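Have a look at the structure below, then the notes.
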Amino acid sequence: MQRKLYVFLFALTLISFIPQSHAQRGKSEFAFGYGRFSLYQFANLPPYNTSTGTFSLTYRYYVSPVVTLGMSFGYERISNWADFISFIPEVTVRYLDTKNNHATRVRLYGSFGYGLTLLNDLHTGPGKVDESGAKPYGFQVTPIGIRIGRQFAGFMEIGAGYKGIFHGGIALRVPRHLHHREQDVEAH
């Protein structure tokens, strides 16, 4: 009985994401960000000032006006431990949008990502175990994200994971590919 309920709820969730409008579908977005207080900093223990913070580059594809799928790349150096390079697939879900109500567009969203982190141990030598390698513990959970702007926007996120507790930056949304526009013109 529980299994059927879970399947039903999962199917209902998928149906709720079927786009009502195709206005955003097919668009892409690139985001450049910087974050502080990552999970790696806290795993390292004090002093926390040995971190560069996390620099990130994210690509997102709008599968609907509400949902994006993407890939994020992050880099952080903790000078008394290691370099961390993260490759994280992520999903973003918008839960508020002022697109039609205001001149300045404000979007609230949440996201989740999980993937691989490549660790490069900076302090190896006799008597020390080299921790270098691919680790399956790269993740980011962002329950609160705010994006202000339309095609070009700024964003700020609060969450936990490889990007940090506080993460912000700029984003650029790219319209659908040129060949889609050519097909639309030919159809009319």
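List of remarks:
- Summing charges over neighbours of residue 105, with a neighbour being any other residue whose Cβ is under 9 Å away from its Cβ, gives +3 when K and R count +1 and D and E count -1.
- Computed lengthening from residue 103 to residue 130, 0.36 nm per intervening residue step minus Cα-Cα distance: 4.3 nm
- Cα centroid separation, the range 37-55 to the range 92-165 (Å): 15
- Taken about its Cα centre, the range 25-187 carries a charge dipole of roughly 600 debye when the Cβ of each Lys and Arg holds +1 and the Cβ of each Asp and Glu holds -1.
- Report note on the peptides 120-128, 144-152: ranked by the mean count of other C-beta atoms within 10 Å, highest first, their order is 144-152, 120-128.
- Cα gyration tensor category, rounded, prolate or oblate, for the range 25-187 with a/c compared to 1.5: prolate
- Toward the positive end of the charge dipole of the range 25-187, with +1 on the Cβ of Lys and Arg and -1 on the Cβ of Asp and Glu, the farthest Cα among 81, 127, 64 is that of 64.
- Projected label points at residue 148 and residue 174, each 7 Å from Cα along the beta carbon direction, are separated by 2.7 nanometres.
Only the coordinates and a few stated rules stand behind these numbers; no lab work does. Here the structure is a predicted model, which means the values were calculated and not measured. All Cβ positions, glycine included, derive from the backbone under ideal geometry; neighbour counts span all protein chains shown.
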